[in-house]
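Reading through the C-alpha cells given below for one structure.
The values are calculated or read from the model by the stated rules, or taken from the named source; none is laboratory data. Just so you know, these numbers come straight off a predicted model, no measurement behind them. A quick note on method: Cβ atoms are made from the backbone with ideal geometry, for glycine too, and the neighbour counts reach across all protein chains shown.
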C-alpha cells in the first residue's frame, strides 16, 4: 500500500544538547540533497536507511544542517518576476500555452 501525499512527511528532529540531527523524509529534492551530502561526507553521515515506503531516514551533524525561511515577495516583486518569465519565453519562442 502506498502512502497518500498527505502521509508523505518530512520530519527534522534535533535538540539543544546533542550534536546530531535526525531527518526522515519522502521529499525527492531533500533525498537527493541527503544522497549528495552522504557522497561528499561519508565520514560525517550517520546511519542512512530507506524504508518500505521510499522514505529516507538518516542522522547527520546538526552543524551541517541549515533551515532557511525565505522572505515573502511583495506583489511588485511577483509582477516583475512574471514579466521577466514572459519576456524570456518570448525570446525563446515558447508559447503561453506551453508554460504549464
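Values computed for the structure shown
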read-out	value
Strands (runs of 3 or more DSSP E) lying entirely in the range 1-52 (those with 3 or more residues that are within 12 Å of the chain's Cα centre (by Cα) and at pLDDT below 95)	none
Selection status of residue 57, part of a helix (DSSP H, G or I) and either more than 30 Å from residue 2 (Cα to Cα) or modelled with pLDDT of 95 or more (or both)	no
Selection from the range 62-83 of residues that are assigned to a helix (DSSP H, G or I) and touching a helix residue (DSSP H, G or I) at 6+ places or on another chain (Cβ under 8 Å)	64
Answer from 74, 63, 97 - the residue that is surrounded by fewer than 11 Cβ atoms within 10 Å (Cβ to Cβ), modelled with pLDDT of 90 or more and either more than 30 Å from residue 17 (Cβ to Cβ) or over 23 Å from the mean Cα position of the chain (by Cα) (or both)	74
Matching residues in the range 26-44 - criterion: being within 15 Å of residue 12 (Cα to Cα) and in contact (Cβ under 8 Å) with a residue 12 or more places away in the chain	26, 27, 30, 31, 34
